[in-house]
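The values are calculated or read from the model by the stated rules, or taken from the named source; none is laboratory data. Not measured: the values here are computed from a predicted model. All Cβ positions, even for glycine, are placed from backbone atoms using ideal geometry, and neighbour counts span all protein chains on display. We work out accessible area using only protein heavy atoms, side chains counted, and drop any ligands, DNA or RNA first. Shrake-Rupley method; radii C 1.70, N 1.55, O 1.52, S 1.80 Å.
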Amino acid sequence: MKQLFNKLINLIYLLPRIIAYVIILLFFLIFISINFGYLETYLFPLHLLKGKAKFISKNVIIGPYPEKRDLKKLKEKQGVTVVISLLDPSIPFEKSLLEKEKEITEKLGLKLFNFPLEYFHLRSEKNQQVVEEIIQFIKSYPKEKFYIHCYLGKHRIELVRERLKNAETK
């Protein structure tokens, strides 16, 4: 009986602390979700989640949202001439990133094309059609070198990578 009483006392002691930690965590998550547009991929903790840029064919590189220095390096060292963004302008923070990217690509002399893919319905019919448009676009400009990106370079870009690999094997 005494052990049960001690466990009850411990629970009463810990319960308010657990509730307080959960409330603080919820406020933190709500704050991040509201202000997500201010979080850029090079900032902590997103830079830890960001994918790496990689060649998937001789003229196509895929990766995460590029900062100005990344675009400059892609142009000068890899010969990239066209940037294809998969960012969705209907998502407010992606719209602001896309506008920033337009300014930077204009200054660097790169061509920017936006083929928005839905993030939450990755395998939707609409996304599949957009990916097909991207494949046709790339095929129609065989002498260009492309950098294709989404936000973190992990989810939407994988959809494009899979389809490009399938298109090459046919």
Considering the options ILE91, TYR119, PRO64, tell which one lies farthest towards the positive end of the dipole of the stretch 48-127, charges being +1 on Lys and Arg and -1 on Asp and Glu at the Cβ, about the Cα centre.
PRO64
Using unit Cβ charges (K, R positive; D, E negative) and no other charged atoms, how large, in debye to the nearest 20, is the dipole of the chain about its Cα centre?
640
Surface accessible to a 1.4 Å probe, THR105 within the full protein complex, Å²
0
Would you kindly state how much longer the chain becomes between VAL22 and GLU144 on full extension, computed as 0.36 nm times their sequence separation minus their alpha carbon distance, in nm to one decimal?
38.8 nm
Förster radius 25 Å - calculated FRET efficiency between GLU125 and ASN166, Cβ distance, rounded to 0.05
0.90
Using a 1.4 Å probe, how large is the accessible area of ILE135, given in Å² and rounded to the nearest 10?
0
